[in-house]
1. Checking the conditions here, which among A77, A29, A62 is in contact with a helix residue (DSSP H, G or I) (Cβ under 7 Å, 6 or more places away or on another chain) and either open to solvent by 90 Å² or more (accessible area, probe 1.4 Å) or farther than 20 Å from A145 by Cα (or both)?
2. Considering the range 83-96 alone, what residues qualify as being more than 18 Å from the chain's Cα centre (by Cα) and under 18 Å from S66 (Cα atoms)?
3. Considering only the range 33-52, how many residues are assigned to a helix (DSSP H, G or I) and of a type in the set (A, V, I, L, M)?
4. Report, by residue number, each residue of the range 88-142 that is out of contact with any Phe, Trp or Tyr (no Cβ under 6 Å at 6 or more places or on another chain), modelled with pLDDT of 95 or more and polar (S, T, N, Q).
Amino acid sequence: MKQFIILFASALLLISCEAQPKKEFSKEALENVMVSKENQPITFQEIIDQYKGKTVFIDVWASWCSDCVGGMPKVKALQEKHPELVYLFISMDKNYEAWVKGIEKYNVVGEHYLTSDGMKGVFGKSIDLDWIPRYMIVDKDGNIALYKVIEADDDLIKDTLAQLKN
């Protein structure tokens, strides 16, 4: 019985630790060098710093991702409902040309950056990226207010934005 209680307590501890969403970006994420639409290198820290004082909706996507493209109408609806947000699109496309073509083809409106090493790279690993699209919300202080949602019309987005207005 004692072994069962220890095993059960250990399992609960492991589950509770796993369930804690991140509130800050890791050093690895912030130091990760991305590419701007002008094909210039920029760190994720520099990107986030540009928007201090504003709420940022992050859409991690790729032009080759059918779920990402399928979710774009929901993102556009969110943009219409919340024009005060900064819409930051971080692409997991494999190359610059495909990424730029995807932005134009799908008329993606917002701020755009391309990761340098894809979904399994430094940035992807640092945000526990296991699926795209992936939506996140960063508050006015640069902290993560919503860590992980995969549907642009998820109620967690609406609830998080409502909390941030207060």
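1. On inspection, the qualifying residue turns out to be A62.
2. N95 - this is the single residue of the range 83-96 that is more than 18 Å from the chain's Cα centre (by Cα) and under 18 Å from S66 (Cα atoms).
3. 2
4. N107
Each row is one residue, and each column tells you yes or no for (1) touching a residue at least 24 places away in the same chain (Cβ under 8 Å); (2) surrounded by fewer than 18 Cβ atoms within 10 Å (Cβ to Cβ).
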{"site": "G70", "(1), (2)": "no, yes"}
{"site": "P73", "(1), (2)": "no, yes"}
{"site": "E84", "(1), (2)": "yes, yes"}
{"site": "Y96", "(1), (2)": "yes, yes"}
{"site": "K105", "(1), (2)": "yes, yes"}
{"site": "L129", "(1), (2)": "yes, no"}
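The values are calculated or read from the model by the stated rules, or taken from the named source; none is laboratory data. Here the structure is a predicted model, which is why all the values come from computation and not from measurement. Backbone-built Cβ (ideal geometry, glycine too); neighbour counts: all protein chains shown. All accessible areas refer to the heavy atoms of the entire protein, side chains included, with ligands and DNA or RNA removed. Shrake-Rupley method; radii C 1.70, N 1.55, O 1.52, S 1.80 Å.
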